[in-house]
Amino acid sequence: MVTAIVLVRLAAGKEKQTLAKIREIKGVSHMTAVFGRWDLVLDVETTDVSTLSNVVVRDIRSTLGVLSTESLVTTAI
């Protein structure tokens, strides 16, 4: 299992539609709205790094209303 925190910046005025589409993405296990430089914090869980990359690039970044992302792959401490 590979987990990551994905920070997402959204386009103004498209938040509701974008949130609805992100909720449908397989692998996104939790979504939190935040204030500041980023608009959303996503918890993403996948089977491997390749699948994680696909979820971020193909699914999250290509969602209408997503301006940018930053992925933080997590590790056990």
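Please treat every number below as a calculation from the coordinates, not as lab data. Predicted model, so just to flag it, every value in this text is computed and none were measured. Here the Cβ positions follow ideal geometry from the backbone for every residue, glycine too, while neighbour counts run over all protein chains shown.
Key figures
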{"read-out": "Matching residues, the stretch 25-70, being of a type in the set (K, R) and closer than 18 Å to E15 by Cβ", "value": "R37, R61"}
{"read-out": "Residue satisfying condition, being of a type in the set (S, T, N, Q) and either in a strand (DSSP E or B) or touching a residue at least 40 places away in the same chain (Cβ under 8 Å) (or both), within set S29, S50, S62", "value": "S29"}
{"read-out": "Matching residues, the stretch 1-26, being farther than 15 Å from T69 by Cα, aliphatic (A, V, I, L, M) and assigned to a strand (DSSP E or B)", "value": "V2"}
{"read-out": "Where a residue in the stretch 1-24 is free of Cβ contacts under 8 Å to residues at least 60 places away in the same chain and its partner, wherever it lies, is hydroxyl-bearing (S, T, Y) and surrounded by 14 or more Cβ atoms within 10 Å (Cβ to Cβ), with Cβ under 8 Å and at least six apart", "value": "M1/T46; L10/T18; A11/T18; T18/T63; K21/T63; I22/T63"}
{"read-out": "Given (1) aliphatic (A, V, I, L, M); (2) surrounded by 14 or more Cβ atoms within 10 Å (Cβ to Cβ); (3) over 12 Å from the mean Cα position of the chain (by Cα), number of the condition M31 does not satisfy", "value": "(3)"}
